[in-house]
Amino acid sequence: MKNMYPFLSLLLVFLTLLSCKSDTKEATGDTSEEATQVVSEKPVVKERKIPTEAEKKQAKSVLSKLMVTPELKAFTSFLVSAQLTDLVMKDEGPYTILAPTNEAFDNLEESVRNGFLRRENKEQLTAVLKNHIVSGSLDSATLFQNSKNGNYTLTTLNGETLSVTKEGNDIVITAASGVKAKIGKSDIQGSNGVVHIVDAVFVSN
């Protein structure tokens with residue numbers, strides 16, 4: 001029986017080594033069966049959706065231009081609140097957007113600015129925003145040229161009249177309420193119109 005101990009010990013060591021070697025192959029994936037399985041697997045390719053022509057136009061609409069212009073964040077937010085986004089994104093237009101800057105909204109009286117956020121004032125907010133939208137695509141060259149005679153007017157989607165005048169090298173828009181706004185950055189072209197940035201909000205006194 002004592003002679004069996006050395007033999008059993010050697011057998012146990014041999015089995016342990018064999019087991020470790022097998023585990024190492026499985027862990028590293030060296031077995032031929034697993035290698036064959038990995039090679040045979042094909043990568044999953046997701047089908048790429050091709051946008052429609054309408055989707056391409058919407059991606060380049062005047063709304064998309066407003067959304068990527070940091071100084072127009074407030075105006076864009078109010079368009080969303082008034083549910084006017086479809087108008088300037090999906091509608092063919094074309095439209096000329098006289099978009100007030102964030103600072104222009106900040107310069108309003110706090111009560112007026114906060115009033116835009118109230119649900120019961122949605123109709124008023126819609127009217128104010130439409131005072132900044134004109135049918136037709138009018139670039140700055142057209143506005144500047146037509147303003148030379150001093151009696152060039154635009155009619156907004158809200159039915160208000162805007163007077164366009166030239167002051168030096170600036171184009172100035174005056175609302176019926178008397179609010180004046182100077183055009184700053186201009187001719188931001190979209191697929192359904194053009195955006196000009198102005199420094200005042202056309203609200204009624």
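Scanning region 155-167 for residues that are within 28 Å of the chain's Cα centre (by Cα) and either buried (at least 17 other Cβ atoms within 10 Å of the Cβ) or of a type in the set (D, E, K, R) (or both) yields T156, L157.
For region 169-184, a residue qualifies if it is in a loop (DSSP other than H, G, I, E, B) and either touching a helix residue (DSSP H, G or I) at 6+ places or on another chain (Cβ under 8 Å) or in contact (Cβ under 8 Å) with a residue 60 or more places away in the chain (or both), and exactly one does: G184.
Residues that are closer than 17 Å to L157 by Cβ and in contact with a helix residue (DSSP H, G or I) (Cβ under 6 Å, 6 or more places away or on another chain) within region 96-124 comprise I97, A99, P100, listed in sequence order. G184 satisfies every condition listed in (1) open to solvent by 30 Å² or more (accessible area, probe 1.4 Å); (2) in contact with a strand residue (DSSP E or B) (Cβ under 8 Å, 6 or more places away or on another chain); (3) farther than 17 Å from V198 by Cα except (3). Do we find that V195 is in a strand (DSSP E or B), surrounded by 19 or more Cβ atoms within 10 Å (Cβ to Cβ) and within 23 Å of the chain's Cα centre (by Cα) in this structure? Yes: the conditions hold for V195.
Results for (1) closer than 17 Å to V172 by Cβ; (2) touching a Phe, Trp or Tyr at 6+ places or on another chain (Cβ under 8 Å); (3) not in a helix (DSSP H, G or I), shown as yes or no for each residue.
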{"residue": "N114", "(1), (2), (3)": "no, no, no"}
{"residue": "E123", "(1), (2), (3)": "no, no, no"}
{"residue": "V128", "(1), (2), (3)": "no, yes, no"}
{"residue": "V134", "(1), (2), (3)": "yes, yes, yes"}
{"residue": "S137", "(1), (2), (3)": "no, yes, yes"}
{"residue": "A141", "(1), (2), (3)": "yes, no, no"}
{"residue": "S147", "(1), (2), (3)": "yes, no, no"}
{"residue": "G159", "(1), (2), (3)": "no, no, yes"}
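Test K56 against the stated conditions and say whether it is open to solvent by 60 Å² or more (accessible area, probe 1.4 Å), assigned to a loop (DSSP other than H, G, I, E, B) and at pLDDT below 95. So K56 does not fit the description; no.
This table checks each residue for (1) over 24 Å from G193 (Cβ atoms); (2) open to solvent by 60 Å² or more (accessible area, probe 1.4 Å).
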{"residue": "A99", "(1), (2)": "no, no"}
{"residue": "N107", "(1), (2)": "yes, yes"}
{"residue": "N121", "(1), (2)": "yes, no"}
{"residue": "T126", "(1), (2)": "no, no"}
{"residue": "V134", "(1), (2)": "no, no"}
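Residues in region 79-94 that are open to solvent by 60 Å² or more (accessible area, probe 1.4 Å) and on the phi > 0 side of the Ramachandran plot: Q83 only. The residues of region 60-84 that are hydrophobic (A, V, I, L, M, F, W, C) and in contact (Cβ under 8 Å) with a residue 12 or more places away in the chain, listed by number, are V62, L63, L66, L72, A74, F75, F78, L79, A82, L84. The requirement of being out of contact with any helix residue (DSSP H, G or I) (no Cβ under 9 Å at 6 or more places or on another chain), of a type in the set (K, R) and more than 18 Å from S135 (Cβ to Cβ) is not satisfied by K166. Among the residues making up region 92-112, those that are in contact with a Phe, Trp or Tyr (Cβ under 9 Å, 6 or more places away or on another chain), under 18 Å from A175 (Cα atoms) and not in a loop (DSSP other than H, G, I, E, B) are I97, L98, A99, P100, A104, F105.
Yes or no: F75 surrounded by 12 or more Cβ atoms within 10 Å (Cβ to Cβ), among the aromatic types (F, W, Y) and either in a helix (DSSP H, G or I) or at pLDDT 80 or above (or both)? Here the answer is yes, as F75 does meet what is asked.
The values are calculated or read from the model by the stated rules, or taken from the named source; none is laboratory data. Just so it is clear, the structure is predicted and the values come from calculations on it, not from any experiment. Don't worry about glycine lacking a Cβ; one is built from the backbone with ideal geometry, like all the others, and counts go over all protein chains shown. For accessibility, only protein heavy atoms count, side chains too; no ligands or nucleic acids. Shrake-Rupley method; radii C 1.70, N 1.55, O 1.52, S 1.80 Å.
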